[in-house]
Amino acid sequence: MRSIPGSSTCFPKTVPDIVENPLVSNDRALNQSFLAGIDEAGRGALAGPVVVAAVILTYTHPLTKLNDSKKLSAKQRELLYEEILADALAYDIAVMDHELVDEINVLKASLQGMKQALDKLSPMPEKVLIDGPYVPNGMDALAVVKGDGKHACIAAASILAKVTRDRMMQSFAELYPHYGFDRNKGYGSAIHLKALSVHGPCPIHRKTYSPVSQLSIWPNL
């Protein structure tokens, strides 16, 4: 696992004369100076890491296109990634590798990543919103189901996590070209499943995930 920190010296203020993104409005309605959003990417993939991001936005940039990362094209996510970094007061990205996912399970790895990313933020947030139904033990945070479509801070975290992971999977595609990681990002597409049946797993596959865990695949190694 590894962590990618970052920070900015901007402070919250309203951007004038621009129709505000409803997700930003939802953040402002909470009336918190330092509001953190946390989200992850890659929990359902058959290969590669789970990536967790935490971010505190300043809202000094319009962020008009900010939305749930799953509703955006790859190009839109890449553009927003840079805009989010420019706007962020603080952010951190934690990478929980496939070996940890196999060792402790994907949910525990995700929750561990949330703690790790949050602990690296400076300043510490006044309030924390997490996408989904789960909050790590001991963390003072609010779970928001489908929060990446409701709050800008969570949507921003989802994009940081998704873009970071997608870039990693692009690199893995060069190392392990059979599986189409550049297109499926480690998820169980038809091409990916066919490659598993022919070539067996590669070193970044999650051995506890079906069909990777099926014994009939392993003799092909």
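Please tell me if Val101 is crowded, with 18+ Cβ neighbours inside 10 Å, farther than 30 Å from Pro203 by Cα, touching a helix residue (DSSP H, G or I) at 6+ places or on another chain (Cβ under 7 Å) and of a type outside the set (Phe, Trp, Tyr).
Answer is no for this residue.
List pairs: first in region 61-90 and touching a residue at least 60 places away in the same chain (Cβ under 8 Å), second of a type in the set (Phe, Trp, Tyr) and buried (at least 16 other Cβ atoms within 10 Å of the Cβ), Cβ under 8 Å, 6+ apart or cross-chain?
Close Cβ pairs satisfying both conditions: Ile84/Tyr91; Leu85/Tyr91; Asp87/Tyr59; Leu89/Phe34.
Does Val24 satisfy being assigned to a helix (DSSP H, G or I), at pLDDT 95 or above and either surrounded by fewer than 23 Cβ atoms within 10 Å (Cβ to Cβ) or in contact with a helix residue (DSSP H, G or I) (Cβ under 9 Å, 6 or more places away or on another chain) (or both)?
yes
I'm trying to understand the selection: among the residues of region 190-203, which are within 15 Å of Ala45 (Cβ to Cβ) and part of a loop (DSSP other than H, G, I, E, B)?
Of everything in region 190-203, those that are within 15 Å of Ala45 (Cβ to Cβ) and part of a loop (DSSP other than H, G, I, E, B) turn out to be Pro201, Cys202, Pro203.
Looking at (1) crowded, with 18+ Cβ neighbours inside 10 Å; (2) not in a helix (DSSP H, G or I), which is the one condition that is false for Tyr187?
(1)
Somewhere in region 35-57, is a residue of a type outside the set (Gly, Ala, Ser) and without any contact (Cβ under 8 Å) to a residue 60 or more places away in the chain?
The answer is no; no qualifying residue exists.
Here are Gly147, Gly138: which of them is of a type outside the set (A, V, I, L, M, F, W, C) and surrounded by 16 or more Cβ atoms within 10 Å (Cβ to Cβ)?
Gly147
The values are calculated or read from the model by the stated rules, or taken from the named source; none is laboratory data. What you are looking at is a predicted structure, and each value in this text was computed from that prediction instead of being measured. Glycine also receives a Cβ, built like all others from the backbone with ideal geometry; neighbour counts cover every protein chain displayed.
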